[in-house]
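Report on one structure; see the data block that follows.
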Amino acid sequence: MIRTSHRKAGPALLAVLALLALMLGVAARPAYAGADLVVNPGLEALDANGFPVCWEQAGWGNGSVNYAVTHTAHGGGNAMQITVSNVTTGDRKAMMLENPSCAPSVTPGHQYDLGVWYTSTSADTVLTAFRHDVANGWQYWTDLATLPVAGAYTQAGVRTPVIPPNTDQITWGVTIYGTGTLTTDDYSMQDATVPATGDVCTAGPACTQGSWAVMPFPNPVRSMHAIVLHNGKVLLMAGSGNDPMAFQAGTFNSAVYDPGTGTFAQVPTPADMFCSGHVQLPDGRVLIMGGTKAYPAADGSHGYEGLNTSYVFDPATNAYTQADDMNDGHWYPSATEMGDGDIITFGGLRGDSSGSVTQEVFSSSANAWQPLNAVHQSWNFFGLYPSMILMQDGRLFYTGSHVFGNGTAGSGASIYDYDANTVTDVPGLQSKDTRDQSMSVLLPPAQDQRVLTMGGGNIVTNVDAGRQTDIIDLKAASPSYTPGPLIPTGTLANGQPESASQGKMYVSTVLLPNGQVFETNGALHNRADPVTEASMFDPATDTFTPGMATDPISRTYHSASFLLPDGRVMTVGDNPGNGSFDMHVSIYTPPYLYHGARPQITGVANTMWSYGSSQHITVDAPIVRAELIRPAAVTHSSDPNQRFVDLPMTVHSDGSIDLNVTSNPNLAPPGYYMLYVVDAAGVPSVASWVHLM
């Protein structure tokens, strides 16, 4: 953390700070009150060390200092107290923790009203703010106002300057840089940009639409593939990045992105993982299978050819290790984890450009692909990147979402029973041959066994992409798709609204911690005509809420959106038909992050979870739900392993909670999960990582 240096203030400096305080409104309360964005504002929740949750003891310099929690509070039972003596240089402060869970989220261009009740025996105090720059991390921002000596609790209020560009969070507190005792309590922070009355959001349109920020740095790789790692970082894979010249040169790229610091670490990439498949393994490593063996020949003698190689990426080392080879080549394969931790792979193109009907099984216990004679074969071609979702009974549901797989036989959707080696058609999927680069998702919670399939087109006939959605209840005796609500229409690049029949392909759907599904990205035609539109789907009512904020960057072919552990959505990629690739990274802040301070998971008794167990956690405020969300491994509108698993709660009299873990590994296949808790306002915590085995 960068800290500003304070010394005794001279008369001129005091006069300047006093004038600044007058200009910014010190001791003047806001004219209205919105949602308080401060976590643990009354300092009532204490951590394991007895200090308030989401607050830290900070500062530097000489002299002696004592930090304490005092019960002589303005409200409630706790206040923070700092006593400093014999100081000639440096400062001390009790500050909000600089992390995504505790630091209030802010919007560039907005201003915020900050309030704190305090007593102080020192004139050498100042209200100090720090900001998180998305490219450069945490840094000192500004001193906002001096606080006069106060023998009794006094409220100080100040309005911040306009939040600078590229700032997504701030922290603030009162600094003491001279001898004396400072006591603070009952902090508050409201967005002052849009007036409101009561405990409501004051962030303007972001309250209902959310907001986007385009990161002020380029992505170093063409991120066709994105995998959220259990350390909170993101593996971005390009391979050759749809660039034949890079393929010929053997130039293959990957990078690991750290959302906390905005930095990338380049990863040596041993093969062309462009258009590979990937999946999280039970131990937290990532299995990558297949990829590009060859681009199409100029003379038309062959098309894309699939590799049979596979690699394992280890987040602990940021390195790939070659695994054994598959039985067949696979370009655009899908991969689904089964309840026993094994991986099953379908589809794609073989090494001779023909469609692969070879099913592959990777044994997680043996850390190897099984020989062909040990794997059941349906000899069914499910297309490229076929969406194969694991059902609660261990069967697989082929949703009908795919890439380049139009014209396949049957109804377009089916249930595959691996043990019985049978494929059963599922009726009801609308327009089965216009579901190219649609997206399917197991709706929250996974226990409901409902799947939503959304959008799509046809790259062969290149018809307008559709608005259709389909919903199926896999618990039904004879599951069948039924039509869902139409995707809201958007705006084309020329500014014209879509017609009532026009939708989009290259759709991305992201499961959010509040139980809703964020829908974004897309185009009207193959690699052309991006559509500006985003919406929220509510599984409780099967309805869309249109008009969500839209990414300033067009996102079509080779784009991906996925949930970060802090509850935001990251989006990368766009590869239109002219061969270009957009290198911007965008971050979406959903509306729930503007509706008040986040609940905190203050303790997880055990991060190693077993099926059917009860797991004890502590939180700092009442919550209404808890869930596990599987980290993303997404490409080409495909992540068949995305799921949200409800955790029924038992709440104890002390506010601690027991979470009841499913006993069925088919509902939550083994591996790392993001644990979220959500309060009554729909505001989620930052995720804690747990390992379910």
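Please list the non-local residues whose amide H lies under 5 Å from the amide H of D639, H modeled 1.01 Å from N, same-chain partners needing a gap of 5 or more.
S440
With the cut-off at 1.5 for a/c, could you classify segment 292-382 from its C-alpha gyration tensor as rounded, prolate or oblate? Write down the numbers at each step before the final one.
Values: a/c = 2.45, a/b = 1.36, b/c = 1.81.
Judged from the Cα gyration tensor, segment 292-382 comes out oblate (a/c at least 1.5, b/c at or above a/b).
In whole percent, what relative contact order does segment 190-305 give with Cα contacts below 8 Å and a gap of six or more residues?
14 percent.
Sort by residue number and name the cysteines in the chain that have no neighbouring cysteine Cβ under 4.7 Å.
C275
FRET efficiency for V463 and N578, Cβ-Cβ distance as r, R0 = 25 Å, nearest 0.05?
0.75
Towards the positive end of the charge dipole of the chain, with charges on Cβ (+1 Lys, Arg; -1 Asp, Glu), say which of V460, T171, N406 has the farthest Cα.
The Cα lying farthest towards the positive end belongs to T171.
Note down the Stokes-Einstein diffusion coefficient of segment 603-661 in µm²/s, whole number, using a Kirkwood radius over alpha carbon pairs, 10 °C, and 1.306 mPa s.
Rounded, D is 121 µm²/s.
In nm², what is the average projected area of the convex hull enclosing the Cα atoms of segment 126-241?
So the Cα hull casts an average projection of 11.3 nm².
Tell me the carbon and sulfur percent of the accessible area for the chain, rounded to whole percent, probe radius 1.4 Å.
Heavy-atom surface of the chain belonging to carbon and sulfur, 1.4 Å probe: 53 percent.
Can you tell me the FRET efficiency between A123 and A681 if r is taken as the Cβ-Cβ distance and R0 is 45 Å, rounded to the nearest 0.05? Show your work: numbers first, answer last.
Working: r = 40 Å, r/R0 = 0.88.
It comes out at approximately 0.70.
Taking the Cβ-Cβ separation of T88 and Y140 as r and a Förster radius of 22 Å, what is the calculated FRET efficiency to the nearest 0.05?
The calculated FRET efficiency here is 0.60.
From the Cα gyration tensor of segment 636-685, with a ≥ b ≥ c the square roots of its eigenvalues, which class applies: rounded if a/c is under 1.5, or else prolate if a/b is larger than b/c, or else oblate?
Oblate.
If I take all pairs of Cα atoms in segment 348-413, what percentage of them are more than 18 Å from each other?
Tail fraction, whole percent: 46.
What's the ranking of 277-283, 610-616, 645-651, 680-686 by average number of surrounding C-beta atoms within 10 Å, highest first?
So the order, starting with the most tightly packed, is 277-283, 680-686, 645-651, 610-616.
What shape does segment 408-502 take by its C-alpha gyration tensor, where a ≥ b ≥ c are the square roots of the eigenvalues and a/c under 1.5 counts as rounded, a/b above b/c as prolate, and the rest as oblate?
prolate
Along the Cα→Cβ direction, 7 angstrom out, place labels at L46 and D258. What is the inter-label distance in nm?
Distance between label points: 3.4 nm.
How much space per residue, in cubic angstrom, does the convex hull of the C-alpha atoms of the chain take up?
On the way: hull volume 111.5 nm³, N = 693.
Convex hull of Cα atoms, per residue: 161 Å³.
Roughly how many whole Å is it from the C-alpha centroid of segment 105-183 to that of segment 411-467?
So the separation of the two Cα centres works out to 52 Å.
Quick check: the angle from helix 11-24's long axis to the longest principal axis of the chain, C-alpha only, nearest 10 degrees?
For helix 11-24, the angle is close to 60 degrees.
With bins 10 Å wide starting at 0, give me the P(r) of segment 241-319 over every alpha carbon pair, in whole percents.
The distribution over segment 241-319 is 17, 43, 28, 10, 2, given as percents.
Would you kindly state how much longer the chain becomes between S478 and T321 on full extension, computed as 0.36 nm times their sequence separation minus their alpha carbon distance, in nm to one decimal?
Full-extension gain reported as 52.2 nm.
Return the calculated 222 nm mean residue ellipticity for the chain, to the nearest 500 deg cm²/dmol, obtained by summing -39500 (n - 2.57) across DSSP H runs with n ≥ 4 and dividing by the residue count.
That calculation yields -1000 deg cm²/dmol at 222 nm.
Using label points projected 7 Å from each Cα along Cα→Cβ, tell me how many nm separate S363 and T607, to one decimal.
3.1 nm
Please state the charge dipole magnitude for segment 98-208, taken about the Cα centre, from unit charges on C-beta atoms (+1 on K and R, -1 on D and E), reported in debye and rounded to the nearest 20.
Charge dipole, segment 98-208, about its Cα centre: 140 debye, nearest 20.
Computed over the Cα atoms of segment 560-671, what is the ratio Rg over Rh, Rh following Kirkwood?
1.06
Among W138, S101, M80, which residue has its Cα positioned farthest towards the positive end of the charge dipole of segment 62-179, with +1 placed on the Cβ of Lys and Arg, -1 on the Cβ of Asp and Glu, and the dipole taken about the Cα centre?
Value: M80.
Once each part is reduced to its C-alpha centroid, what is the distance from segment 529-558 to segment 394-409 in angstrom?
Taking the Cα centre of each part, segment 529-558 and segment 394-409 sit 23 Å apart.
If amide hydrogens are placed 1.01 Å from N in the peptide plane, which non-local residues have theirs closer than 5 Å to the one on D324?
Under 5 Å from the amide H of D324 lie the amide H atoms of W369, each far enough along the sequence or on another chain.
Can you give the extra length, in nm with one decimal, that the chain gains between F217 and N494 once fully stretched, where that is 0.36 nm per residue apart less the Cα-Cα distance?
That works out to 97.0 nm of additional length.
Can you list residues whose amide H is under 5 Å from V267's amide H, if they're 5+ apart or on another chain and H is modeled 1.01 Å from N?
S254, A255, V256
In segment 145-181, which chymotrypsin sites (Phe, Trp or Tyr not before Pro) are in a loop and have at most 15 other Cβ atoms within 10 Å, using DSSP for the loop call?
none
Provide the gained length on full extension for the span H616 to V423, in nm with one decimal, where the gain is 0.36 nm per separating residue minus the Cα-Cα distance.
Here the answer is 65.3 nm.
Just the accessible area per residue of the chain, please: how many Å² with a 1.4 Å probe?
Per-residue value: 34 Å².
The values are calculated or read from the model by the stated rules, or taken from the named source; none is laboratory data. Keep in mind that this is a model prediction, so the values were computed, not measured. So basically every Cβ, Gly included, is an ideal-geometry build from the backbone, and we count neighbours across all protein chains shown. Side chains are part of the model used for accessible areas, which takes the heavy atoms of the whole protein and leaves out ligands, DNA and RNA. Shrake-Rupley method; radii C 1.70, N 1.55, O 1.52, S 1.80 Å.
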